[in-house]
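All of the numbers you see were taken from the coordinates with simple rules; none came from a lab. Computed from a predicted model, the values in this text were never measured in an experiment. In this analysis, Cβ positions are derived from the backbone assuming ideal geometry, glycine residues included, and neighbour counts consider all displayed protein chains.
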Amino acid sequence: MGFFDKIKASLTRTKEQFVERFDEIVGRADAPAQRTRPVEVETLDALEEALISADVGLAAADRIVAAVRARRSRGESLRDLVKQEILAILRAADHAAPDGAKPHVTLIVGVNGTGKTTTVGKLARLIKDSGKTPLICAADTFRAAAVEQLQVWATRAGVDFIRAQPGSDPAAVVFDGIAAGKARGRDVVLVDTAGRLHTRVNLMAELEKVRRIAAREVPGAPHEVLLVLDATVGQNGLTQAREFMNAAGVNGIVLTKLDGTAKGGIAVAIAHDLKLPIRYVGVGEGIDDLIPFSPDDYVNALFEEKW
């Protein structure tokens, strides 16, 4: 199954929740005779409600509805206007991953239960398939099961793996991982950090120490700090993201479990409210079920007429 087919399949529940209701709302409004007339208030209210129900968020929903109201006089399709505005929001936040010296150091952060550890393994496989050589550094030294789980994923992905004794200083493990990446000529060092609540000040301070060590060893590191968010938690994930942005310098999102929720609109809320790019989305449990996020594919899959 190709990338587009995977994102399309993962949005099935969101499509059922949002697009089918959306089609009911815009059906009459998009009739040729209605194209140049102002949109009825009831239609706009229903549209906003449908957007919020898909977890697009209040701020993004307000922007989309305002754009529809302002541009409707041109005779454009209501459906097309909504698609264009969602795409504009996603594209505005979408920018290329920062480049840096070799190895490219990526920290993976997040709260427990988001799929962080499995994401590291899947990302390693994706990077390897792109022709680059990744190395996984297991810096979650407090949960032994996490290290064992990650080693299984590293083996499945066929990539190098660096670990330390349980209870070791995570920053020291990162130092060793980067040193190994340099010595072996690896392109990317993926650092799996311990899952932590964004409200735990001491653990967030630990992340800052890890970042300092990385910066000392490789110019510009960490080049990426990817926050793993569970799509099923919806708007609550935005609160997590804001705290991690402040404490850990998050500059990209991995949105997991997109296939398990009807609130796939959270991608729009992330782009609009946080101005952060979504780098990857998790669309299943297999090792190949992490895919690069594309705003165009997301919108085309969500609004495709025939599935």
Margin query: Relative contact order for region 77-190: what percent, with Cα pairs under 8 Å and sequence separation of 6 or more?
Written below: 33
Next item on the list: List the residues whose amide H sits under 5 Å from the amide H of V111, counting only those 5 or more places along or on another chain, with H placed 1.01 Å from N in the peptide plane.
Entry: R196
Margin query: Using a Förster radius of 45 Å, what is the FRET efficiency between K182 and D80 based on their Cβ-Cβ separation? Nearest 0.05, please.
Written below: 0.35
Item checked: Computed magnitude of the charge dipole of region 212-307 (debye, nearest 20; Cβ of K, R +1, Cβ of D, E -1) -> 460
Note to self: Longer than 24 Å from Cα to Cα, which of K132/K209; K6/K257; K116/K209; K209/K263; K6/K128; K8/K257 are they? Say none if no pair is.
What the structure shows: K132/K209; K209/K263
Next item on the list: First check a/c for region 147-192, with a ≥ b ≥ c the square roots of the eigenvalues of its C-alpha gyration tensor; if it is under 1.5, answer rounded, and if not, answer prolate when a/b is larger than b/c or oblate otherwise.
Entry: oblate
Check: Rounded if a/c is under 1.5, else prolate if a/b is larger than b/c, else oblate: which is region 264-307, with a ≥ b ≥ c the root eigenvalues of its Cα gyration tensor?
Finding: oblate
Check: Does anyone have the angle between helix 144-157 and the longest principal axis of the chain? Alpha-carbon axes, 0 to 90°, nearest 10?
Finding: 80
Next item on the list: For E208 and N246, calculate 0.36 nm times their separation in residues minus their Cα-Cα distance, and state this gained length in nm to one decimal.
Entry: 12.6 nm
Check: Could you state the number of Å between the C-alpha centres of region 226-296 and region 76-138?
Finding: 9
Notebook entry, point to check: Quick one: net charge of F3's neighbours, Cβ under 15 Å, K/R +1, D/E -1?
Noted result: -3
Check: Got a sec? Charge dipole of the chain, +1 on Cβ for Lys and Arg, -1 for Asp and Glu; which of A9, G220, A54 is way out at the positive end?
Finding: G220
Margin query: Under a Cβ-only charge scheme (Lys and Arg +1, Asp and Glu -1), can you give me the dipole magnitude of the chain about the Cα centre, in debye to the nearest 20?
Written below: 720
Checklist line | At q = 0.09, 0.14, 0.15, 0.21 Å⁻¹, base-10 log of I(q)/I(0) for region 183-292 (Debye sum, equal scatterers on each alpha carbon) | finding: -0.26, -0.61, -0.70, -1.21
Note to self: Using +1 at the C-beta of Lys and Arg and -1 at the C-beta of Asp and Glu, which of A93, G249, Y280 has the Cα lying farthest in the positive direction of the dipole of the chain?
What the structure shows: G249
Next item on the list: Take the Cα coordinates of the chain, assign each an equal point scatterer, and use the Debye formula without solvent to give log10 I(q)/I(0) at q = 0.08, 0.09, 0.16 Å⁻¹.
Entry: -0.38, -0.47, -1.19
Note to self: Can you compute the charge dipole magnitude of region 47-162 about its Cα centre, using +1 on each Lys and Arg Cβ and -1 on each Asp and Glu Cβ, nothing else charged? Give it in debye, rounded to the nearest 20.
What the structure shows: 280
Next item on the list: Just grab the label-to-label distance for K128 and A215, each label 7 Å out from Cα along the Cβ direction, in nm (one decimal).
Entry: 3.3
Checklist line | Cα-Cα pairs of region 111-169 separated by more than 14 Å (percent) | finding: 51
Check: Exposure proxy check: T106, T261 ranked by fewest other beta carbons within 10 Å?
Finding: T261, T106
Notebook entry, point to check: Taking one equal scatterer on every alpha-carbon of region 75-218, how large is log10 of I(q)/I(0) by Debye at q = 0.13, 0.14 1/Å?
Noted result: -0.61, -0.68
Note to self: So the label point goes 7 Å from the Cα of F3 along Cα→C-beta, right? Which residues of region 275-301 then have their backbone N under 12 Å from it?
What the structure shows: 279-281, 290-298
Next item on the list: Write down the Kirkwood hydrodynamic radius of region 134-242, to one decimal in angstroms, obtained as one divided by the mean of 1/r over all alpha carbon pairs.
Entry: 14.7
